[in-house]
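Derivation of every value follows stated rules applied to the coordinates shown; laboratory data play no part. No experiment lies behind these values; they were computed from the predicted model shown. When we count neighbours, we look across all protein chains shown, and the Cβ atoms used for this are built from the backbone with ideal geometry, even at glycine.
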Amino acid sequence: MNILVVGRGGREHSIVMKLAESDRVNQIFAAPGNGGIAEQATCVRIDEMDIDGLVDFAKVYKIDLTIVGPENPLLAGIANRFREENLAVFAPTKEAALLEGSKRFAKEFMLKHGIPTADYASFTNADAAKEYINEKGAPIVVKADGLAAGKGVVVAETIEQAHQAVDDMLVAKSFAEAGATIVIEEFLQGMEFSLMAFVHENNVYPMVPARDHKRAYDNDEGPNTGGMGAYAPAEDITAEHLSFATENILQKTADSLVAEERPFTGILYAGLIMTMDGPKVIEFNVRFGDPETQVVLPLLRNDLLQVITDVIEERDPHLEWENNCCAGVVLASKGYPASYNKGIPLKNLDSLAEGFVVHAGTKQSETGLVSDGGRVLLAGAKGTTLEKAAELSYQCLNSYSESSEFFYRTDIGKK
Ligand code: AMP
Ligand code: GLY
């Protein structure tokens, strides 16, 4: 089969690496890809949002299956278009993708279908929002309704901070249309974990639970980022809680989407928090998580292409997982998630012998591989324990420990 992977991050590199192991793969293309993906796939210069361009490419290059990494093209209707053109795509329609694209939609959906999540109310009017905050007290969580690249959530410690977030979103319009509606939510406490599943309509096949590290610095300090590291499995989550989350969150969501005539195909990602009352949903994503994918796919024993075709064709893929742990540490550009430099030469990558390297913001330049984003790469490794996996990942990053251009968290896997 000829496969097209849409996207340019670590998640997409990880998908390409896994697909490259498959005997059933003829050629892999990535649009637009990155410096690491270019080693296993043919990168083509088509932007993720250029849906016409992607459709044309898939036709001309006889693509048998397209896998979409990021959320923006999903909400723009890439899966709808591909299906209209009779092109096979493993991705949800824009109607199903609304679960990620609108927090208000997701909250109403969960309330309607009895899917456990934090209490909430949604607002377009700042005064009404502030009144609700005064009534509920702090801590409280303020969220922009639409896509905000992971930056649209404010966990407010005080009523003043919550009011400020309301003013930023509804009055100053800091997220433009994405923040024209806000969701204000009860603050939940507990360990967070991510549970992803391969889904086609009513069929749900969960992966191993993973844990992201969203804050920029050690001890969960600093601003939220796209994710500074991850590990899998999240061993503190009991089998009982996992089966509860699979049945009452993932399966119920898939079934309710079918019932609402928005059947889901693709990866359903539940961001969960382990509360005293059991797992509850913090957010849904409608795609592979980044960086969770980079530590989950290496543990998958099955051929990824076989799994996806099985799921689409309604066969049980019989997922099998290694009895190992996998950790991954992100190397980021100094300054990320705010401003940072690009184009800095990446050295010593070849010496990262133990473990594996997944590229995110890298590109091939005339002088060799250079940085091209905030999150540059992820150094990962497997081990019989999480401690061993994390230790190996950190060995890979040794040569960057004194870097003045890059930084990484030193506590991935300790939480
Ligand atoms: P999100 O972008 O929705 O994943 O939110 C970013 C982060 O904000 C989450 O990973 C949580 O740590 C935190 N967060 C979001 N909603 C809540 C909530 N209701 N209670 C506590 N923390 C939350
Ligand atoms: N790791 C969270 C996300 O992919 O949005």
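Mean separation of Cα pairs under 8 Å and 6+ residues apart, divided by the residue count of region 31-72: what relative contact order is that in percent?
In percent, rounded to a whole number, it is 30.
By other beta-carbon atoms within 10 Å, ranking Lys388, Lys342 with the fewest at the front produces Lys342, Lys388.
Would you list, by chain and number, the lysines whose Cα falls below 16 Å from the Cα of Lys252, excluding same-chain residues fewer than 8 positions away? Within the straight-line cut-off, Lys252 pairs with Lys107, Lys112, Lys280. A simple spin-label model places the labels of Ala176 and Asp220 3.3 nm from each other, with each point 7 Å out along Cα-to-Cβ. Here the Karplus curve 6.51 cos²θ - 1.76 cosθ + 1.60, taken at θ = phi - 60°, turns the phi angles of region 293-306 into couplings of 3, 5, 10, 8, 4, x, 8, 7, 7, 6, 6, 4, 5, 4 Hz, with x standing for Gly and Pro. Averaging the Cα positions of each part gives two centres, and for region 326-343 and region 41-108 these lie 27 Å apart. Inter-label distance, Glu160 to Arg301: 5.7 nm, where each label sits 7 Å from its Cα along the C-beta direction. Once backbone amide H atoms are built at 1.01 Å from N, Phe29 has Ile3, Leu4, Val5, Thr42 as its partners under 5 Å, excluding neighbours fewer than 5 places away on the same chain. Relative contact order of the chain: 16 percent, from C-alpha pairs under 8 Å at least 6 residues apart in sequence.
Rounded to the nearest 20, the Cβ-based charge dipole of the chain about its Cα centre (Lys and Arg +1, Asp and Glu -1) stands at 640 debye.
FRET efficiency for the Thr410 to Thr384 pair, using the beta carbon distance and R₀ = 22 Å, is estimated at 0.50. By other beta-carbon atoms within 10 Å, ranking Ser399, Ser174 with the fewest at the front produces Ser399, Ser174. Counting neighbouring beta carbons within 10 Å and listing from fewest to most, the residues Leu74, Leu19, Leu188 come out as Leu188, Leu19, Leu74.
Per-peptide packing, taken as the mean over residues of other Cβ atoms within 10 Å, places 357-367, 79-89, 371-381, 278-288 in the sequence 371-381, 278-288, 357-367, 79-89 from highest down. Per-residue extension of 0.36 nm, minus the Cα-Cα distance of His318 and Asn86, leaves a gain of 80.8 nm for this segment.
Across region 99-159, Cα pairs under 8 Å and at least six residues apart give a relative contact order of 33 percent.
Less than 5 angstrom separates the built amide H of Val376 from those of Leu331, Ala332, Ser333, Gly361, all sequence-distant by 5 or more or on a different chain.
Sort the chain into rounded, prolate or oblate with this rule: let a ≥ b ≥ c be the square roots of the eigenvalues of the Cα gyration tensor; rounded if a/c is under 1.5, and if a/c is not under 1.5, prolate when a/b is larger than b/c, oblate otherwise. Note, shape of the chain comes out rounded. Partners of Lys363 within straight-line reach, counting aspartates and glutamates whose Cα lies under 13 Å from its Cα and excluding those fewer than 8 residues away in the same chain: Glu39, Asp372.
Taking each of Lys130/Lys214; Lys103/Lys334; Lys103/Lys214; Lys214/Lys334; Lys103/Lys342 in turn, the alpha-carbon distance tops 24 angstrom for Lys130/Lys214; Lys103/Lys334; Lys103/Lys342. The 3J(HN,Hα) values that the Karplus relation (6.51, -1.76, 1.60; θ = phi - 60°) gives for region 370-380 are, in residue order, 10, 6, 8, x, x, 8, 8, 7, 10, 9, x Hz. Gly and Pro appear as x.
Phi angles of region 264-277 translate, via the Karplus equation with coefficients 6.51, -1.76, 1.60 and θ = phi - 60°, into HN-Hα couplings of 9, 10, x, 9, 9, 10, 10, x, 10, 10, 8, 8, 4, 9 Hz per residue; Gly and Pro are given as x. Taking a straight line from the alpha carbon of Lys59, these aspartates and glutamates sit under 19 Å away, with near neighbours fewer than eight places off in the same chain left out: Asp47, Glu48, Asp50, Glu84, Glu85.
If you add up the charges near Glu221, with Lys and Arg at +1 and Asp and Glu at -1, over every other residue whose beta carbon is less than 15 angstrom from its beta carbon, what do you get?
+1
Projecting the Cα atoms of Ser194, Thr158, Tyr205 onto the dipole axis of region 145-213, where Lys and Arg carry +1 and Asp and Glu carry -1 at the beta carbon, places Tyr205 farthest toward the positive end. For Thr275, nonlocal amide neighbours, meaning residues 5 or more places apart or on other chains whose placed amide H falls under 5 Å from its own, are Lys280.
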